[in-house]
Amino acid sequence: MSENDDFYKKFSSDSSGSKKFKSNIFIPFVSGVIGATLVIGVAFGVPNIRKSLVTYNPSNSTGYNESDVSNTGVVDFVSLKDYSDTAVFAASKILPSIVGIKVEYTVTSNLMRGMSQLAQAEGSGIIISNDGYILTNNHIINSSDSSVYYEVSKATKVYVYLYNDETPYEATIVGTDEETDLAVIKIEKADLTPAELGDSNSVKIGEFAMAIGNPLGMQSSVTSGIVSAVNRTVTSEDGTTYNLIQTDAAINSGNSGGALINTEGKVIGINTLKLSGSGIEGMGFAIPINDTIDIYKQLIEKGKVLRPYIGIGGVELDEVSAKHYDLPTGIYIKEINSNSPASSSDLKTGDVITAIDNTKVSTMDELNDIKNKKNIGDEITLDVYRNKETKQIKIKLGEKP
């Protein structure tokens with residue numbers, strides 16, 4: 001494993017279990033190729049009944065009691081009007097802030113002398129400002145891919161469709177961030193309706209969940225369910241790990257980039273992943289909205305996300321592999337990137353990082369979690385095992401290229 005220190009795929013002597021799981025992760029956005037049968041699938045892709053909206057009043061409630069049920073199986077009528085009205089309110093509030101996104105790609109055949117064809121894909125987005133900034137998933141507009149058979153370019157054109165408006169508005173790509181699967185695009189139009197953002201940190205398991213997006217090109221579709229889990233760690237096929245909200249609200253191809261909302265019509269997540277495969281149903285995932293705010297602000301202001309950087313390529317040593325090589329558990333430094341903070345330090349290939357700032361680490365995720373809470377220019381201290389001795393090495397964090 002190489003690249004820089006922010007992207008490493010798991011190193012394991014037996015990863016059959018994780019591979020089985022990862023193979024079922026699917027990014028829900030649909031692609032079609034003009035003039036050819038080709039699916040371009042980039043391997044990826046809860047509302048809460050608040051007391052302020054629905055108040056329980058025993059005096060006018062038609063709740064359940066034993067006398068309502070007889071041995072015939074017949075029960076009295078129970079009104080769901082409050083529940084229905086809450087869902088209608090939430091959907092009506094958010095729909096003007098959700099857009100359909102259509103992108104165009106170029107697909108080049110590697111088997112037919114470089115023959116190229118146009119391809120299209122669709123997704124969703126969330127309006128975050130009245131002057132045209134739209135938050136969506138990176139994989140919708142930045143999904144270049146290649147194989148032995150073909151190469152897919154990044155999006156060459158991006159079009160946005162507003163709620164109840166069939167006019168295609170051409171968008172510019174403001175910034176993308178592959179690590180968080182987030183992107184910002186912009187259209188030149190004023191007086192748009194930005195979505196109201198909720199607090200994803202307050203989301204609770206069991207809350208009513210509503211997903212809004214553009215599944216299979218059917219713009220402004222609404223599905224509902226509940227929040228199935230929070231802080232769910234999910235690893236995509238490319239090895240990137242996400243901390244997500246899980247929901248059973250239906251998330252289908254084209255829903256990526258759309259909103260997961262609460263009963264106040266506030267966005268609590270961005271629909272991103274779904275689990276698919278035989279015997280799997282109702283397992284969708286959304287990026288918590290609180291995790292996106294700093295990202296999209298940096299994308300708007302700088303066009304990219306600034307992250308602290310060490311500049312190493314490493315392999316994770318678990319207890320089995322560490323014992324085999326007579327090394328401690330930690331991160332074995334396989335390579336040091338040139339012109340990086342690591343290259344200017346006393347770090348050497350073959351070193352094993354066992355701790356950062358006196359906190360033990362054994363995986364790249366643990367190292368990155370600590371590092372990413374630092375600022376560019378901060379100094380960190382690494383505990384490094386070398387030649388059967390442990391020493392401390394100080395490194396000043398740089399800016400990730």
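The values are calculated or read from the model by the stated rules, or taken from the named source; none is laboratory data. Nothing here was measured: the structure is a model prediction, and the numbers come from that model. We place every Cβ from the backbone using ideal geometry, glycine too, and count neighbours over all the protein chains shown.
Of all residues being surrounded by fewer than 16 Cβ atoms within 10 Å (Cβ to Cβ) and of a type in the set (Ser, Thr, Tyr) in the range 165-186, which is nearest to residue 305 (Cα to Cα)? Just the residue, please.
172
Which count do you get for residues in the range 153-182 that are under 29 Å from residue 115 (Cβ atoms) and of a type in the set (A, V, I, L, M, F, W, C)?
Total meeting the criteria: 4.
Before we move on, is residue 135 modelled with pLDDT of 80 or more and in contact with a Gly (Cβ under 7 Å, 6 or more places away or on another chain)?
On the way: modelled with pLDDT of 80 or more: yes; in contact with a Gly (Cβ under 7 Å, 6 or more places away or on another chain): yes.
Yes: the conditions hold for residue 135.
Among 240, 272, 292, which is within 11 Å of the chain's Cα centre (by Cα), of a type outside the set (A, V, I, L, M) and over 16 Å from residue 98 (Cβ atoms)?
240
So which strands (runs of 3 or more DSSP E) stay within the range 219-267 end to end and still have 1 or more residues that are of a type outside the set (A, V, I, L, M, F, W, C) and either touching a helix residue (DSSP H, G or I) at 6+ places or on another chain (Cβ under 6 Å) or more than 14 Å from residue 201 (Cα to Cα) (or both)?
Of the strands (runs of 3 or more DSSP E) lying wholly inside the range 219-267, those with at least 1 residues that are of a type outside the set (A, V, I, L, M, F, W, C) and either touching a helix residue (DSSP H, G or I) at 6+ places or on another chain (Cβ under 6 Å) or more than 14 Å from residue 201 (Cα to Cα) (or both) span 221-235, 241-247.
Report whether or not residue 257 is over 24 Å from residue 159 (Cβ atoms), touching a strand residue (DSSP E or B) at 6+ places or on another chain (Cβ under 7 Å) and buried (at least 24 other Cβ atoms within 10 Å of the Cβ). Show your work before the answer.
Numbers: over 24 Å from residue 159 (Cβ atoms): no; touching a strand residue (DSSP E or B) at 6+ places or on another chain (Cβ under 7 Å): yes; buried (at least 24 other Cβ atoms within 10 Å of the Cβ): yes.
For residue 257, the condition - over 24 Å from residue 159 (Cβ atoms), touching a strand residue (DSSP E or B) at 6+ places or on another chain (Cβ under 7 Å) and buried (at least 24 other Cβ atoms within 10 Å of the Cβ) - is not met.
Quick grid of which residues meet (1) touching a Pro at 6+ places or on another chain (Cβ under 8 Å); (2) of a type in the set (Asp, Glu); (3) under 16 Å from residue 87 (Cβ atoms):
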| residue | (1), (2), (3) |
| --- | --- |
| 202 | no, no, no |
| 211 | no, no, yes |
| 214 | no, no, no |
| 220 | no, no, yes |
| 227 | no, no, yes |
| 243 | yes, no, no |
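Name the residues in the range 227-239 that are surrounded by fewer than 18 Cβ atoms within 10 Å (Cβ to Cβ) and either of a type in the set (Ser, Thr, Tyr) or closer than 29 Å to residue 160 by Cα (or both), would you?
Selection gives 233, 235, 237, 238.
Per-residue answers, yes or no, for (1) over 19 Å from the mean Cα position of the chain (by Cα); (2) among the β-branched types (Val, Ile, Thr); (3) closer than 15 Å to residue 100 by Cα:
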{"position": "166", "(1), (2), (3)": "yes, no, yes"}
{"position": "169", "(1), (2), (3)": "yes, no, yes"}
{"position": "174", "(1), (2), (3)": "no, yes, no"}
{"position": "180", "(1), (2), (3)": "no, yes, no"}
{"position": "185", "(1), (2), (3)": "no, yes, yes"}
{"position": "190", "(1), (2), (3)": "yes, no, no"}
{"position": "195", "(1), (2), (3)": "no, no, yes"}
{"position": "200", "(1), (2), (3)": "no, no, no"}
{"position": "208", "(1), (2), (3)": "yes, no, no"}
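In the range 357-401, which residues are closer than 16 Å to residue 315 by Cα and either touching a His at 6+ places or on another chain (Cβ under 6 Å) or of a type in the set (Val, Ile, Thr) (or both)?
Those that are closer than 16 Å to residue 315 by Cα and either touching a His at 6+ places or on another chain (Cβ under 6 Å) or of a type in the set (Val, Ile, Thr) (or both): 361, 363, 384.
Which of (1) at negative phi; (2) exposed (fewer than 14 other Cβ atoms within 10 Å of the Cβ); (3) among the polar types (S, T, N, Q) does residue 345 not meet, given it meets every other one?
For residue 345, the failing item is (2).
Kindly provide the set of residues from the range 230-259 that are out of contact with any Lys or Arg (no Cβ under 7 Å at 6 or more places or on another chain) and on the phi > 0 side of the Ramachandran plot, ordered by number.
Those that are out of contact with any Lys or Arg (no Cβ under 7 Å at 6 or more places or on another chain) and on the phi > 0 side of the Ramachandran plot: 231, 254, 257.
Across the range 97-111, which residue is modelled with the lowest pLDDT among those that are part of a strand (DSSP E or B) and more than 30 Å from residue 267 (Cβ to Cβ)?
This residue is 109.
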